[in-house]
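The structure under discussion appears below in the form of structure tokens.
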Amino acid sequence: MKIAVLGYGTVGRGVVEIIDGHVGSVAVTRILELPDRLSDPRMTSSYADIVNDPQIELVVECMGGVEPAHTFILEALSAGKHVVTSNKAVVAEHFAEFVEAANAHDAGLLVEASVGGGIPWIASIIKARRIDAINSFCGIMNGTTNYIVYKMLRDGSDFAEVLGKAQEMGYAERDPSADIDGIDVRNKTIISASVAFDVACTKELPVTGIRTLTKRDLALFGSHERTVKLLGRGVQKDGRYAVAVEPVAVRTSSLEANVPLNFNLVTLDGDTVGELKFYGQGAGSLPTGNAIVQDILDCASGIRPRYDFSRGLTYDPELLRSDYVFRTEADIEGSCSYEPGAVLVRDLTAEQARASLELALETDPTTFIAALVKES
Ligand SMILES: NC(=O)c1ccc[n+]([C@@H]2O[C@H](COP(=O)([O-])OP(=O)(O)OC[C@H]3O[C@@H](n4cnc5c(N)ncnc54)[C@H](OP(=O)(O)O)[C@@H]3O)[C@@H](O)[C@H]2O)c1
């Protein structure tokens, strides 16, 4: 199979390296690169060279961002080419539109690398769904924030200090907002929910990151045998579903609490299979490249997921309820005391917790919240 790779950065290089070195049945014949960086005879800066080439059967998009990735993916699908992408931002924004185009032109659309890097997460959801309804999923889906919390706990460092080091080492972007404000996990949660629940997942989910986490917060939760992890979560029941991204104070004995460095851990719960957990490298050139090449090989052998978002599940935030700890100087309605400087509010939806947090931030911009998820 002849393929083209759009974007020759961290992920694109990994894909080309794996295919050139390990996979004889696939050939990268074109690479879309910017005009001043054409260093390989396969490179072109004209997308028309790729989308109009009838020999190219599959396009790998790893440029990132929403445009022009969105336009290029639609053009490839409309030309009947299969698309494999690692770009969570564009998939979260346009999943339903891509599915419609893929179905209309009998093309494959594979998005494994957009969630959990090298972990076969999307493929596992699809496989589980052949038998089971997925009742819920949750996970540590962002390596940078896991790394920050891990280092804060291990070295007793401040948030800003660890973030600075992570940026120096290239683990975190110069603008860390997508990681620490939960936007990256939001995109991955939307994609996971879409595949797990067969729904064009709402983009209006409650999203809270860990920007205001301090080492004193970690000590406070530590004294309750808990630690903080940023989790993406989804649940479905009786034709309804809910999703949220927020810090969760998990038990220190849980697998989630013990995920080190920048690793990811994602969990699904299926009707008959029960709980399955997937652990691994959620980013990086070769792990992410590996997930893309697995998608390419699946596509080449005719394994092409068919998504169907027509089930009509209703978004119902009532399905995700937890007790919440607010560490804040602000007054929080309906709260009782938890620890000096922190209060507990029982049984809020993630949306209600987010709304209370927004109010609290107006009085105390350092406010931090974490959900105390009920143990099953
Ligand atoms: N890095 C990871 O470990 C990882 C893991 C999972 C998923 N992803 C996702 O995979 C995608 C790529 O990530 P990455 O880390 O590989 O990013 P990256 O290192 O920035 O690579 C993207 C490359 O595409 C180039 N590019 C952008 N627009 C282009 C265009 N119109 N024509 C030609 N080239 C263009 C960029 O050039 P400039 O640098 O000049 O903009 C850059 O070289 C993102 O959506 C990311 O979220 C990344």
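List of remarks:
- Of all the options ASN146, ASN187, ASN52, the one that moves most in a Gaussian network model of the chain with Cα springs shorter than 10 angstrom is ASN52.
- Beta-bridge orientation, the chain: approximately 70 percent antiparallel, per DSSP, counting only bridges with both partners inside.
- Separation in nanometres of the label points that stand 7 Å from Cα toward Cβ, at ARG240 and ASP347: 1.5 nm
- Percentage relative contact order, the range 185-293, counting C-alpha pairs under 8 Å, at least six apart: 21 percent
- Residues in the range 11-30 reached by a label modelled at LEU38 [backbone nitrogen below 19 Å; 7 Å Cα→Cβ]: 28-30
- For the pair GLU168 and ALA355 in one chain, pulling the backbone fully straight at 0.36 nm per residue adds 63.9 nm over the alpha carbon distance.
- Positive contributions from Lys and Arg (+1) and negative ones from Asp and Glu (-1), summed over other residues with Cβ under 13 Å from the Cβ of ALA242, come out at -1.
- Gyration tensor verdict on the range 114-266 (Cα atoms; rounded if a/c is under 1.5, prolate if a/b is larger than b/c, oblate otherwise): prolate
- Shape of the range 117-164 from the C-alpha gyration tensor: prolate (a/c of 1.5 or more and a/b above b/c, with a ≥ b ≥ c the square roots of its eigenvalues).
- Between helix 69-78 and the chain there is an angle of about 50 degrees, using the helix long axis and the longest principal axis of the Cα atoms.
- Between the beta carbons of GLU204 and ASP175, assuming R0 = 25 Å, the FRET efficiency works out to 0.60 to the nearest 0.05.
- Over the range 179-304, accessible surface divided per residue gives 37 Å², non-protein components excluded, 1.4 Å probe.
- Relative contact order (%) - the range 276-376, alpha-carbon pairs under 8 angstrom, separation at least six: 26 percent
- With at most 13 neighbouring Cβ atoms within 10 Å, loop trypsin sites (Lys or Arg not before Pro) (DSSP) excluded, longest segment of the chain: 1-129
- Percent RCO, i.e. relative contact order, over the chain, from Cα pairs under 8 Å lying at least 6 residues apart: 18 percent
- Helical runs assigned H by DSSP (4 residues or longer) give the chain a calculated mean residue ellipticity at 222 nm of -11000 deg cm²/dmol, each run adding -39500 (n - 2.57) before division by the residue total.
- Using a Förster distance of 41 Å, the FRET efficiency for SER157-ILE131 (Cβ separation, nearest 0.05): 0.35
- Separation of alpha-carbon centers, the range 109-167 and the range 314-375, rounded to whole Å: 23 Å
- Anisotropy class of the range 216-358 from Cα gyration tensor, a/c 1.5 cut: oblate
- Gain in span if fully extended, GLN55 to THR314, counting 0.36 nm per residue against the direct Cα distance: 89.0 nm
- Calculated FRET efficiency for the pair ARG306/SER45, C-beta based, R₀ 41 Å, to 0.05: 0.75
- Share of carbon and sulfur in the accessible heavy-atom surface of the chain [1.4 Å probe, %]: 50 percent
- Relative counts (whole %) of C-alpha pair distances in the chain, using bins that are 20 Å wide: 29, 54, 16, 0
- Probe 1.4 Å, protein heavy atoms only - accessible area per residue of the range 47-98 in square angstrom: 34 Å²
- If the segment from SER25 to GLU67 were pulled out straight at 0.36 nm per residue, it would be longer than the present Cα-Cα gap by 12.0 nm.
- Gap separating the Cα centres of the range 46-105 and the range 183-254, nearest whole Å: 29 Å
The values are calculated or read from the model by the stated rules, or taken from the named source; none is laboratory data. This one's a predicted model, so the numbers in the text were calculated from it and none came from an experiment. Cβ coordinates were reconstructed from backbone atoms using ideal geometry, including for glycine residues, and neighbour counts include every protein chain displayed. Please note that ligands, DNA and RNA were not included when accessible areas were found on the heavy atoms of the full protein model with its side chains. Shrake-Rupley method; radii C 1.70, N 1.55, O 1.52, S 1.80 Å.
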